[in-house]
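Enquirer: What follows is a structure written as structure tokens; I'll ask about it next.
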Amino acid sequence: MSWFNRIKEGITTSTSEKKETPEGLWYKCPSCKNIQPSQEHEDNKWVCMKCAYHERIGSEEYFSILFDNNEFVEFNTNMTSADPLNFSDTKKYSDRLVDSQKKTGLKDAVRTALGQCGGYPLTIACMDFKFIGGSMGSVMGEKIARAIDYSIEHKTPFLMISKSGGARMMEAALSLMQMAKTSAKLTRLSDAKLPYISFLTDPTTGGVTASFAMLGDLNIAEPGALIGFAGPRVVKETIGKDLPKGFQTSEFVLEHGFLDMIVPRTELKDRMTQILGYFSH
């Protein structure tokens, strides 16, 4: 079989002629290590097609999932945090804000917007974990409060998508004040007999969990999300005991009565449309 004999030994393609695989074509699931095309992963709402692991996503992705045709009007787009305490740790807070804004393209850790979801008007406040861990500062509290005011004025349901490490330590008591501020606004929303839907994603912890995240008329979570006040490591070190399997996951929290349902992201738009339809009657 002379036709099968190699005429030239080794690889003869020059380095300049080699074609590299473009970055971003493939996604490797951190849970099951399955490799899948990035576009298919995105089409599946950033959920692994093999093990259903939910990748952490931000406001841009949630808005594209929930708002019809990804059309919405965003509120208070230029609101940014000040540094009244002149806080500094390893870096000045003012410098940290600027760095985070450049890195993420966001002004702060929450975006608020109005759009249609399944044909129903819906006001959404969605947190971004990539901006200083989704921490709750004065800007977050103010933007959420204004979004609730808009819902009351225009009689729309309000959806809060939480993804946060808790209060922003660089704003100290100013951050903690947002817990009371947002909770008070939600009381006004309830008095106006308008629905508040709280959607908890991975992770939802600290002061966010202790305030608006758990006050929904419906409390919904994504599968496998970490939900709690203190993290499991802190709890374990405090009580000195091993924790139950799956402690503080959304499934654990649902089993103990703190959630109404768990909704996979792939079903979120349909389920939200169904819920809004119930509330509209």
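Enquirer: Mind counting the residues in region 113-154 that are over 17 Å from Asn69 (Cα atoms) and either polar (S, T, N, Q) or not assigned by TED's automatic domain parsing to the domain that holds Asp270 (or both)?
Expert: Step one: filter region 113-154 for residues over 17 Å from Asn69 (Cα atoms), giving 125-154.
Add one more test, that the residue is either polar (S, T, N, Q) or not assigned by TED's automatic domain parsing to the domain that holds Asp270 (or both), and what stays is 135, 138, 151.
Number satisfying all stated conditions: 3.
Enquirer: Another one. Give just the number: which of (1) hydroxyl-bearing (Ser, Thr, Tyr); (2) farther than 17 Å from Lys163 by Cα; (3) touching a residue at least 60 places away in the same chain (Cβ under 8 Å) does Ser94 not satisfy?
Expert: (3)
Enquirer: Also, I was wondering about something else. Go through region 1-38 and give me each residue that's of a type in the set (Ser, Thr, Tyr) and either at pLDDT 70 or above or within 29 Å of Ala109 (Cβ to Cβ) (or both).
Expert: Tyr27, Ser31, Ser38
Enquirer: If a residue has to be over 14 Å from the mean Cα position of the chain (by Cα), assigned to a loop (DSSP other than H, G, I, E, B) and touching a residue at least 60 places away in the same chain (Cβ under 8 Å) to count, how many in region 122-161 make the cut?
Expert: 1
Enquirer: Among the helices (runs of 4 or more DSSP H) lying completely within region 196-281, list those that include at least 1 residues that are surrounded by 20 or more Cβ atoms within 10 Å (Cβ to Cβ).
Expert: Passing ranges, in order: 206-209, 250-255, 268-280.
Enquirer: So, in region 118-138, of the ones that are touching a Leu at 6+ places or on another chain (Cβ under 7 Å) and β-branched (Val, Ile, Thr), which residue ends up surrounded by the most Cβ atoms within 10 Å (Cβ to Cβ)?
Expert: Ile124
Enquirer: Quick one: His41 ticks every box in (1) loosely packed, with under 11 Cβ neighbours inside 10 Å; (2) modelled with pLDDT of 95 or more; (3) not polar (S, T, N, Q) except a single one, so which number is it?
Expert: Every listed condition holds for His41 apart from (1).
The values are calculated or read from the model by the stated rules, or taken from the named source; none is laboratory data. These numbers were taken from a predicted model, which means no experiment stands behind them. Don't worry about glycine lacking a Cβ; one is built from the backbone with ideal geometry, like all the others, and counts go over all protein chains shown.
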